Amino acid sequence: MVYFFTSSHGYLIYMGKDKFENEDLIKYAWPEDIWFHVDNYSSAHIYLRLQKDETIDTIPKEVVMECCQITKEHSIEGKKKDKVTIVYTDSQNLLKTGDMDVGQVSFKSEK
């Protein structure tokens, strides 16, 4: 089951709890979705739904921090660490090829 949250600023946040739900989110992501993940550890995929006129640069910092906290909390290894790096990018920058495992992605471009 995909989970839904509402941020403090009213943004919709979607989360896949396992690799199969993450795969569904990859497949059905909207162009205005921003993807969050713990770098170098397994974690839930978190998607922040922007409005059509918004960009990754206009997201309120509080919303970015909320998404980062949700992402870290839903990483089995990441939540045990004092600090982790959270990566985020436009969903259109995600690269999924046929040889990748279920729920696995890479980037079209490192930003």
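The values are calculated or read from the model by the stated rules, or taken from the named source; none is laboratory data. Please read these numbers as outputs of a predicted model, since none were measured by experiment. Cβ placement follows ideal geometry from the backbone for every residue including glycine, while neighbour counts extend to all protein chains displayed. Just so you know, the surface numbers come from the protein's heavy atoms only, side chains and all, with ligands and any DNA or RNA stripped out. Shrake-Rupley method; radii C 1.70, N 1.55, O 1.52, S 1.80 Å.
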> If you build a Gaussian network model of the chain, linking Cα atoms that sit under 10 Å apart, which residue out of I70, I34, I59 swings the most?
Replying inline: I59
> Do you know the relative contact order of the chain, to the nearest whole percent, from alpha carbon pairs under 8 angstrom that are 6+ apart?
Replying inline: 28 percent
>> Leaving ligands and nucleic acids out of the surface, order H74, H37, H45, H9 by accessible area at 1.4 Å, largest first.
In response: H9, H74, H37, H45
>> Could you compute how much accessible surface D99 exposes when probed at 1.4 Å, giving the result in Å² to the nearest 10?
In response: 130 Å²
> Where nothing but the Cβ of Lys and Arg (+1) and of Asp and Glu (-1) is charged, how large is the charge dipole of the range 1-86 around its Cα centre, in debye to the nearest 20?
Replying inline: 280 debye
>> Let me check I've understood the local charge: for E32, count other residues with C-beta under 12 angstrom from its C-beta, Lys and Arg +1, Asp and Glu -1. What total comes out?
In response: -2
>> With N set to the number of residues, divide the alpha-carbon radius of gyration of the range 12-111 by 2.2 N^0.38 Å and report two decimals.
In response: 1.01
>> Give the residue list of trypsin sites (Lys or Arg not before Pro) in the range 10-64 that are DSSP loop and have at most 15 other beta-carbon atoms within 10 angstrom.
In response: K17, K52
>> Test of understanding: what is the full-extension gain from F107 to M65, defined as 0.36 nm times their sequence separation minus their Cα-Cα distance?
In response: 12.9 nm
